[in-house]
Amino acid sequence: MTSGYNLADIETLIAQIEDDMQRQIIQIEWQDATVFERNNSSLFAMAALMGLSSAQIDELWSQALTF
């Protein structure tokens, strides 16, 4: 499930994160996470990069819970 987001575009956004530590943390979480938390700071950072509102995050989160 990608919810209409191109995975390569998401990886490009991650690569554009200026803070080295934040970029590395988000990259690791993106590639290796097996548990996801709705209030994770990395999720908020990526949502901001993607231009997602809190309501849009909630919608995606609800959608993901159905899988």
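The values are calculated or read from the model by the stated rules, or taken from the named source; none is laboratory data. None of the values given here were measured: they were computed from a predicted structure. Here the Cβ is made from the backbone with ideal geometry for all residues, glycine too, and neighbour counts use every protein chain on show. Each accessible area value is taken on the protein alone, full model and side chains, heavy atoms only, with ligands, DNA and RNA left out. Shrake-Rupley method; radii C 1.70, N 1.55, O 1.52, S 1.80 Å.
Specify which of the listed residues (E29, E18, E37) is surrounded by 11 or more Cβ atoms within 10 Å (Cβ to Cβ) and acidic (D, E). Working first, answer last.
Details: E18 fails: surrounded by 11 or more Cβ atoms within 10 Å (Cβ to Cβ); E37 fails: surrounded by 11 or more Cβ atoms within 10 Å (Cβ to Cβ).
Step by step, each of E29, E18, E37 is checked, and only E29 is surrounded by 11 or more Cβ atoms within 10 Å (Cβ to Cβ) and acidic (D, E).
Residues of segment 40-52 that are of a type in the set (G, A, S) and open to solvent by 50 Å² or more (accessible area, probe 1.4 Å): S41, A48, G51. Of all residues in segment 49-60, exactly one satisfies the criterion of being in a loop (DSSP other than H, G, I, E, B) and either touching a Pro at 6+ places or on another chain (Cβ under 6 Å) or among the hydroxyl-bearing types (S, T, Y) (or both), namely S53.
Give segment 44-62 a look and list any residue that's without any contact (Cβ under 8 Å) to a residue 24 or more places away in the chain and small (G, A, S), or say none. Those that are without any contact (Cβ under 8 Å) to a residue 24 or more places away in the chain and small (G, A, S): A47, A48, G51, S53, S54, A55, S62.
For (1) out of contact with any helix residue (DSSP H, G or I) (no Cβ under 6 Å at 6 or more places or on another chain); (2) in a helix (DSSP H, G or I); (3) of a type in the set (D, E, K, R), each residue gets a yes or a no:
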| residue | (1), (2), (3) |
| --- | --- |
| A8 | yes, yes, no |
| I26 | no, yes, no |
| E37 | yes, no, yes |
| A47 | no, yes, no |
| Q63 | yes, yes, no |
